[in-house]
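To start, the structure under review is shown below, and the notes come after it.
Derivation of every value follows stated rules applied to the coordinates shown; laboratory data play no part. Model, not experiment: these values are computed from the prediction.
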Amino acid sequence: MSTESTEVVGEKFRIWLRPDGLVELVWAPHVPSGLQDAIATIEAMTELTGGRPAPLLVHTTDAGPQDRAARMEFIRRHEVVSAVALVVGNPLSRMMATFFINVSRPKSPTALFEDEASAVAWLQGHLV
Amino acid sequence: MTTTPAPHEPDAVPDLTRRLEEVVAVIQELAALRFGARATVTAASDIVDAVAAGVNALGEELAASYDEIEQRVADRTAELAVATQELRRRALHDDLTGLANRTAFWDRLAHRLDVGDGPRTRCAVLFLDLDDFKTVNDTLGHRAGDQLLVDVARRITSQLRAGDLAARVGGDEFVVLLDDVATADAALTVAHRISEALRAPHELGGHRYTAASSIGVAVGPDGLDTPDAIVAAADAAMYDAKRRGSDACVVYDRERHGQASTVDVVPVR
């Protein structure tokens, strides 16, 4: 994992802190992710925000499937985010995002968006 | 992840069929509670991948729910076992002293008389009643009375061997099964030992109290081959001991005490 002050690149993801205070996450294309990836992502986000909850923008369109352990870890560590916007773009990402919201039931405000602009606008209302 | 032909390509329909068949196979596996089954999710991220990933995710949730239910069942079963054990303990023990209760004593005595090997192995029952126990309750209070009963139970038990059994069967009434005694005199010796142990002063809420007792002794199975008969005999001998004065131990004698066949036991309060 390489680190800069505002960006962390992991084995399966890239995450960075934007000037507007949002954190943006992109998963490596078509790679399944599990618990260790979730832990690494949360650690990276904590490193970027200093542990303060921040709005998180996640690009899921090209992401691979994510297993239950990973989903549960994101829910368990909900304190690192103030809100999560899941940007989807194909049937798979739409299904995974819907499943996460409706079945896994995250504790932080979480919403699905078809376009990035709407997601950013919504997240800006969750800046802490 | 694997790749899949684009919808317009010639292999698209057979490939779609193959992928859906795989998803169906995974659903069948999950229906058979084989939760490890997973459908392939391709890089196409198309609607079949959405179905496959959805089935996989549902399979994971199903497995988690199943594990949770199994854990709950295991937890409840363990709790039930503890509760059952406690109920059994309460059903067979006297709450105050922790000694066996009447039910447990009668069961054990019946078993002892059933498996007895004729006159070569005898057992004895001691019936013990505290003298003037009511005075303790009336003058020192029920708490002191309870403390005395607990003390008495402990001292009786301290005089017994591993195979013997003591029980509290009434307010201040105790019975003891001596599992293996050679003669009535041997049983009487144990009775005297218990009587002496009880005479040592008891500390009851700042008061010293010396407890006296009357003990009847009956040896079986000679003519006393049921629990009721042998306990009734010991009870009759105990009443004889009471008549003789404080702190007496008397062995049952049919000629003197008559045919003892039943015994009335005052329920433990």
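The Cα atoms of the range B:128-269 define a convex hull whose projected area, averaged across directions, is 8.2 nm². Shown here are the Rg and Dmax of the Cα trace of the range B:28-168, at 31.1, 94 Å.
Relative to its Kirkwood radius, the Cα radius of gyration of chain B gives an Rg/Rh of 1.51.
Relative to the longest principal axis of the Cα atoms of chain B, the long axis of helix B:102-115 lies at roughly 80 degrees. Once backbone amide H atoms are built at 1.01 Å from N, A:SER82 has A:ALA54, A:LEU56 as its partners under 5 Å, excluding neighbours fewer than 5 places away on the same chain. Distant-in-sequence amide contacts of A:PHE113, defined by a placed amide H-H separation under 5 Å and a gap of 5 or more residues or a different chain, comprise A:LEU86, A:VAL87, A:VAL88. Dimensions of the protein assembly as shown from C-alpha coordinates, computed as largest minus smallest value along each principal axis and given longest first, are 113, 54, 32 Å.
Using θ = phi - 60° in the Karplus curve 6.51 cos²θ - 1.76 cosθ + 1.60, the 3J(HN,Hα) couplings for the range A:44-54 round to 5, 5, 4, 4, 6, 9, x, x, 7, x, 9 Hz; x is entered for Gly and Pro.
Along the range B:148-156 the Karplus relation, 6.51 cos²θ - 1.76 cosθ + 1.60 evaluated at θ = phi - 60°, assigns HN-Hα couplings of 5, 4, 5, 4, 4, 4, 5, 6, 4 Hz to successive residues, with x for each Gly and Pro. Please figure out what share of the DSSP beta bridges in the protein assembly as shown is antiparallel and state it in percent, rounded to the nearest 5. In the protein assembly as shown, DSSP labels about 65 percent of beta bridges as antiparallel. Seen against the Cα atoms of chain B and their longest principal axis, helix B:47-92 is set at about 0 degrees.
Indicate the gyration tensor shape class of the range A:47-124 (rounded, prolate or oblate), computed on the Cα atoms with a ≥ b ≥ c the square roots of the eigenvalues: a/c under 1.5 is rounded; otherwise a/b larger than b/c is prolate and the rest oblate. Here the range A:47-124 falls in the oblate category. Residue-wise HN-Hα couplings along the range B:16-28, as the Karplus relation 6.51 cos²θ - 1.76 cosθ + 1.60 with θ = phi - 60° gives them from phi, are 4, 4, 4, 5, 5, 4, 5, 4, 4, 4, 5, 4, 5 Hz; Gly and Pro carry x. Beta-bridge orientation, chain A: approximately 40 percent antiparallel, per DSSP, counting only bridges with both partners inside.
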